[in-house]
Amino acid sequence: MKLGLNRDEVRLEDHNKEWKSEFFNVKQDILNNTSLKEARIEHIGSTAITDMPAKPIIDIIVGVDELDKVDKQLLKGLYQAGFLRLKVERPGEIVLAKFTDDTYEIKTHYIHLVEYQQELWNNLIFFRDYLNSNSDAKEEYLELKKEYIRKSTTGITEYTNHKEKFVKTIYEKRNIK
């Protein structure tokens with residue numbers, strides 16, 4: 001299994017069963033290097049959706065009590081597990097990444113540090129679970145991803161924006177239940 005994308009690269013690979021094992025290996029590294037509880041670390045994103053082609057990057061959500069009180073000890077532990085904090089600014093989220101080497105060119109994993117069991121946490125978990133249990137939604141999402149790739153293999157922000165309306169539609173389903 002080869003993970004990683006260059007900066008701004010967009011590429012899909014067929015689903016790989018090893019992605020799940022890789023998540024569990026990294027989760028164990030995080031647990032070994034931080035005081036986080038196991039329930040606060042989840043596999044999200046397309047690599048967590050069965051049979052879904054995905055960008056070869058493992059997305060991990062990590063839940064904390066208060067984002068504005070994330071301490072240096074937690075960030076140090078995540079660093080010891082191989083993660084560096086990125087300068088990415090997203091509301092309600094701190095983003096960290098793991099790289100293939102110290103050139104920091106190829107990202108292999110992301111951590112999305114968010115408030116545990118709050119809106120963003122709940123939406124991301126719901127999205128994963130919904131697509132894993134709904135083949136029509138999974139197929140629609142895959143087609144959206146392929147549509148973008150047919151036009152371009154760069155532009156990660158544009159790729160994310162291309163999928164945003166669909167993603168928000170799924171989030172809204174959580175609020176209906």
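Overview of results
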| item | result |
| --- | --- |
| 222 nm mean residue ellipticity, helices alone, for the chain (DSSP H n ≥ 4; -39,500 (n - 2.57); rounded to 500) | -14500 deg cm²/dmol |
| Where chymotrypsin sites (Phe, Trp or Tyr not before Pro) fall in DSSP loop in the stretch 76-143, at most 15 other Cβ within 10 Å | TYR104 |
| Cβ-based charge dipole, the stretch 57-177, positive-most Cα from VAL64, GLN117, THR100 | THR100 |
| Positive minus negative residues near TYR79 (Lys, Arg vs Asp, Glu; Cβ under 12 Å) | +3 |
| Selection of GluC sites (Glu not before Pro), the stretch 63-109, meeting DSSP coil and at most 13 other Cβ within 10 Å | GLU66, GLU89, GLU105 |
| q = 0.13, 0.23 Å⁻¹: log10 I(q)/I(0) that the Debye formula gives for the stretch 83-177, counting C-alpha atoms only | -0.57, -1.31 |
| Out-of-range pairs (alpha-carbon distance over 19 Å; input LYS20/LYS151; LYS27/LYS107; LYS27/LYS163) | LYS20/LYS151; LYS27/LYS163 |
| Separation between Cα centres of the stretch 1-20 and the stretch 112-165, rounded to whole Å | 15 Å |
| Test item: Cα-centred dipole of the stretch 89-150, Lys/Arg +1 and Asp/Glu -1 on Cβ, debye | 140 debye |
| Column: log10 I(q)/I(0), Debye, Cα scatterers of the chain, q = 0.10, 0.12, 0.15 Å⁻¹ | -0.37, -0.55, -0.89 |
| Pairwise FRET efficiency - ASP68 versus LYS17, Cβ, R0 = 25 Å, nearest 0.05 | 0.10 |
| Cα extents of the stretch 1-97 along the three principal axes, largest first (Å) | 38, 26, 20 |
| Dipole magnitude of the stretch 13-101, debye to nearest 20 (Cβ charges: Lys/Arg +1, Asp/Glu -1, about Cα centre) | 280 debye |
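Here, each number is a calculation from the coordinates, and none is a lab measurement. Quantities reported herein were computed from a predicted structural model and do not represent experimental measurements. Please note: Cβ atoms are built from the backbone with ideal geometry, for glycine as well, and neighbour counts cover all protein chains shown.
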